[in-house]
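Just below is one structure, and these are the notes that go with it.
The values are calculated or read from the model by the stated rules, or taken from the named source; none is laboratory data. All of these numbers come straight from a predicted model, not from anything done at the bench. Reconstructed Cβ throughout: ideal geometry from the backbone, glycine too, with neighbour counts over all protein chains shown. Areas reflect the complete protein model, heavy atoms only, side chains present, ligands, DNA and RNA absent. Shrake-Rupley method; radii C 1.70, N 1.55, O 1.52, S 1.80 Å.
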Amino acid sequence: MKLHINENQKKGVIAPEIYGHFSEHLGRCIYDGLYVGETSEIPNEKGMRSDVVEALKEINIPVLRWPGGCFADEYHWKDGIGPKDQRKKMVNTHWGGTTEDNSFGTHEYFELCRQLGCKTYVCGNVGSGSVQEMSEWVEYMTFDGVSPMADLRKQNGHEQAWKLDYFGVGNENWGCGGNMTPDHYAHLYRRYQTYVRNYHKDRPVFKICGGADAADYEWTDTVLHECFRNPAPESAHGFMDGLSVHYYVGVEKGEHKGSATQFSEEEWNATLKRALGMEELIRRHGAIMDQYDPDKKIGMIIDEWGCWHDVEVGTNPGFLYQQNTMRDAVVAGATLNIFNKHCDRVKMACIAQIVNVLQSVVLTEGSRMLLTPTYHVFHMYKRHQGAELIGSYLEEEGNDSSVQESVSIDRDGVVTVTLTNYSLQESQDLQIVFEERKPADVKGYIVQGAMNAYNTFDQPENVVEEEFTEFTLEDRGLSFVIPPRSVMMFRIGE
Ligand code: AHR
């Protein structure tokens, strides 16, 4: 099989935010996973776990969505500010019915993002919150002058406004966010977003409209019909800058989704097939968006995606704690390749969720932490962040290919090629052929393993990223064998 690369064909910048993450007050994501509190024996800075923060910085985490998810539409932000011992406790009704002490709130979130060096993405409450509550939150976070909310923030110890990069107006309002019809949400969206004020004209908040569940194209069409065609005078993009889509991958088996680690070859194939469905989803939602927004001014924001399996045996079903195998790694690699190839429309994507929930990059247990196979994929693919997508295609011989690719070129002229092979048994001979480039300084990396190989706290290096040297340099490319069940990355200079 040949992979043709036209390094002269530039197709637009891959937004770094495509490599974004999602953190919700769910199970052990925030508490335990990211935040342990300042008095914890686990090493921390201002309560944030230092090991986890360091690991996330290594993958250049570009943006972190918070506080949910379903949690967002029952979160009342004022309960999470002020002296910690006076913060109201709350019951997390969506996720396990646990009582939370609100010790992680707005100030802690911005502190976490500061430590991570990433952009901020806060999701507001439309389902059970008021317009006033949402508008005051934005004022609290972003207004620098004298005002009731800015004064309250200062009183709580933060003099300067924070930089709020993205704001979501509700989450899954077709379901846990209020069970609304698309018309109803669209009308509410128009109203709520009006009060997401831009206090800094030089760095406006990017407003995200709550979008569809997977293939609900009617939702996309209705909200765009109501909310895009009527540009607000203050915004070049009408009432929104982005529209979200959520898509999870799991094998449906009645009530169950299937084990994260004990699965058959059929389940592997079904999972991968569903993951590759992302391509059609982007194309079809994108086609609707093109009708309203042919210049692609608004971004498709896939702010929840990933594998959703059954929880680990013996864990709280409401905590969505699952292990992460080579299958998850291949799903991540293939999905990220799809996002890269659609970077003209996809402007952000957040894998669900960052730590200890669903398809995490990091798992923790007490003071221990492990990096999942999915983490290593994000580590290899980070080279695409902010690089320019370039033309590439696989010339297939024979049957449907099990290989996916995407290729970019960075500011230093180095090409990054990422590849996945989801075949369970078959390796593939692959020859990379450039239009003109004579490759030099080539480095290869690979994540591979048995289909259900995974890392444990006792054996955290069962699946890791390794250097790959078994390639032959050729005049205008290189050739090698891509093993089954693998994700690869090449860096190619000239
Ligand atoms: O990520 C878990 C949940 O999945 C989120 O809270 C919700 O938005 C989605 O249904």
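Things worth noting here:
- Leading residue by the ranking (nearest to G210 (Cα to Cα)) among those in segment 60-81 that are open to solvent by 10 Å² or more (accessible area, probe 1.4 Å) and more than 16 Å from the ligand (Cβ to nearest atom): H76
- Any hit, segment 291-299, residues being modelled with pLDDT of 95 or more, assigned to a strand (DSSP E or B), crowded, with 21+ Cβ neighbours inside 10 Å and not hydroxyl-bearing (S, T, Y): yes
- Out of G333, G314, one residue alone is away from the ligand (no atom under 16 Å from the Cβ), open to solvent by 60 Å² or more (accessible area, probe 1.4 Å) and either over 30 Å from E226 (Cα atoms) or among the hydroxyl-bearing types (S, T, Y) (or both). It is G314.
- None of R383, R485 is in contact with a Phe, Trp or Tyr (Cβ under 8 Å, 6 or more places away or on another chain), open to solvent by 40 Å² or more (accessible area, probe 1.4 Å) and of a type in the set (K, R) except R485.
- Selection within segment 389-414 - among the acidic types (D, E) and either outside the structural domain of P483 (by TED's automatic domain parsing) or open to solvent by less than 20 Å² (accessible area, probe 1.4 Å) (or both): E405
- Q160 farther than 26 Å from E45 by Cα and either open to solvent by 30 Å² or more (accessible area, probe 1.4 Å) or away from the ligand (no atom under 16 Å from the Cβ) (or both): no
- Hits in segment 457-472 (condition: assigned to a strand (DSSP E or B) and of a type outside the set (F, W, Y)): E466, E467, T472
- For segment 340-360, a tally of residues being out of contact with any Gly (no Cβ under 9 Å at 6 or more places or on another chain) and crowded, with 24+ Cβ neighbours inside 10 Å returns 1.
- Some residue of segment 14-29 being modelled with pLDDT of 95 or more, part of a strand (DSSP E or B) and open to solvent by 10 Å² or more (accessible area, probe 1.4 Å): no
- Boolean, N324 is in the same structural domain as Y121 (by TED's automatic domain parsing), polar (S, T, N, Q) and over 14 Å from T374 (Cβ atoms): no
- Test: residue in segment 34-42 that is within 16 Å of the ligand (Cβ to nearest atom) and either part of a strand (DSSP E or B) or in contact with a helix residue (DSSP H, G or I) (Cβ under 8 Å, 6 or more places away or on another chain) (or both): yes
- Number of the exception - I288 against (1) surrounded by fewer than 18 Cβ atoms within 10 Å (Cβ to Cβ); (2) in a helix (DSSP H, G or I): (1)
- Segment 361-374: number of residues that are open to solvent by less than 10 Å² (accessible area, probe 1.4 Å) and either assigned to a strand (DSSP E or B) or charged (D, E, K, R) (or both): 4
- Residue within segment 46-59 that is within 14 Å of the ligand (Cβ to nearest atom) and in a loop (DSSP other than H, G, I, E, B) present: no
- Which numbered condition V63 misses (of (1) in contact with a strand residue (DSSP E or B) (Cβ under 6 Å, 6 or more places away or on another chain); (2) without any contact (Cβ under 8 Å) to a residue 24 or more places away in the chain): (2)
- Checking G47 against (1) within 24 Å of K154 (Cβ to Cβ); (2) open to solvent by 10 Å² or more (accessible area, probe 1.4 Å), the condition it does not meet: (2)
- Comparison of L56, L112 shows that the only residue that is over 21 Å from M141 (Cα atoms), in contact (Cβ under 8 Å) with a residue 60 or more places away in the chain and surrounded by 16 or more Cβ atoms within 10 Å (Cβ to Cβ) is L56.
- First in segment 72-96 and assigned by TED's automatic domain parsing to the domain that holds V138 and among the β-branched types (V, I, T), second anywhere and open to solvent by 30 Å² or more (accessible area, probe 1.4 Å) and within 16 Å of the ligand (Cβ to nearest atom), Cβ under 9 Å, 6 or more apart: V91/G97; V91/T98; T93/E74
- Candidate set from segment 170-188 (those that are of a type in the set (A, V, I, L, M) and either within 10 Å of the ligand (Cβ to nearest atom) or closer than 19 Å to Y75 by Cβ (or both)); member that is surrounded by the most Cβ atoms within 10 Å (Cβ to Cβ): M180
- Within segment 440-465, the set of residues being among the charged types (D, E, K, R), within 26 Å of N356 (Cβ to Cβ) and open to solvent by 70 Å² or more (accessible area, probe 1.4 Å) comprises D458, E461.
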